[in-house]
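> This is the structure I have questions about; it appears just below.
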Amino acid sequence: QVQLVESGGGLVQAGGSLRLSCSASGRTFSSYHMGWFRQAPGKEREFVALISWRGGYIYYADSVKGRFTISRDNAKNTVYLQMNSLKPEDTAVYSCAARRFGVPSATMASPDEYDYWGQGTQVTVSS
C-alpha cells in the first residue's frame, strides 16, 4: 500500500552534512508514523529517528541526538533526515520505514514495528 524511495546519500567528509529524503506513494501517507534506520556491514539494523504521523512525537537514538533532525512534509509525501556533524561511525545504508497506526513511543525504535521499507541509500563518511 505504501512504497518508499530514499535519496540523498553519498560520500562526505567527517564534519560535513547530508540531507536524506524519503518519498512515499499512496494517499494514506499522512496517517503513517515514519522512522529512519541504518545498517553498517556486519552489524544489525539500528534505529536512528522516529516522527509520528502529525509530527507531534519525535524520538532520536542517543548516538545522533543534537546532530540529526527528522522532519516531514505530508503535503509532499516526504520525510527528511538532516544529518550534521557526520562521523565515520555514521557510515551505513540508511532506510526509511513506515508504520500504520499505533501510539508513538520508544517501542517504535524496533525495526519489527514497521510495515514498509525503502530500498536504502548509502551514506559514507570519510575521516
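The values are calculated or read from the model by the stated rules, or taken from the named source; none is laboratory data. Just so we're clear, the structure is a prediction, and the values are computed from it rather than from any experiment. Virtual Cβ from ideal backbone geometry, glycine too; neighbours counted across all protein chains shown. These accessible areas exclude ligands, DNA and RNA; they are computed on the full protein's heavy atoms, side chains included. Shrake-Rupley method; radii C 1.70, N 1.55, O 1.52, S 1.80 Å.
> For a quick check: with amide H placed at 1.01 Å from N, whose amide H comes under 5 Å from residue 86's, ignoring anything fewer than 5 positions away on the same chain?
Placed amide hydrogens put 15, 16 under 5 Å from residue 86.
> For the chain, report the accessible area per residue in Å² (1.4 Å probe, heavy atoms, rounded to an integer). Walk me through the numbers before you get to the answer.
On the way: 6480 Å² over 127 residues.
For the chain, the solvent-accessible area averages 51 Å² per residue.
> Something else about it: What Kirkwood radius, in Å to one decimal, follows from the Cα pairs of the chain?
That comes to 14.3 Å for the chain.
> If you restrict to DSSP beta bridges whose two residues both lie in the chain, what percentage is antiparallel, to the nearest 5?
90
> Then there is this: At q = 0.15, 0.16, 0.23 Å⁻¹, what log₁₀ I(q)/I(0) does the range 75-116 have when each alpha carbon counts as one equal point scatterer in the Debye sum?
Taking Cα atoms of the range 75-116 as identical point scatterers yields -0.55, -0.61, -1.02.
> I would also like to ask the following. Using R₀ = 25 Å, calculate the FRET efficiency as 1/(1 + (r/R₀)^6) where r is the Cβ-Cβ separation of residue 106 and residue 14; round to 0.05.
0.30
> Quick one: the Cα spread of the range 1-52 along its three principal axes, in angstroms, biggest first?
If we take the Cα atoms of the range 1-52, the spans are 38, 22, 17 Å.
> Still on this model: Please list the non-local residues whose amide H lies under 5 Å from the amide H of residue 116, H modeled 1.01 Å from N, same-chain partners needing a gap of 5 or more.
When sequence neighbours closer than 5 places are left aside, the close amide H contacts are 98.
> Can you give me the % of accessible surface on the chain that is carbon or sulfur? Probe 1.4 Å, all protein chains present, nothing else counted.
Details: 3060 of 6480 Å².
Looking at the chain in its full context, I get 47 percent from C and S.
> Let me ask something else about it. Pairs of alpha-carbon atoms within less than 8 angstrom and 6+ residues apart define the contacts here; what relative contact order does the chain have, in percent?
36
> If the cut-off is 19 Å between C-alpha atoms, which aspartates and glutamates fall inside it for residue 65, apart from same-chain ones fewer than 8 positions away?
Once the sequence-local aspartates and glutamates are set aside, what remains near residue 65 is 46, 89, 90.
> Compute the distance in nm between two label points, each set 7 Å from the Cα along the Cα-to-Cβ direction, one at residue 25 and one at residue 82.
It is 3.0 nm.
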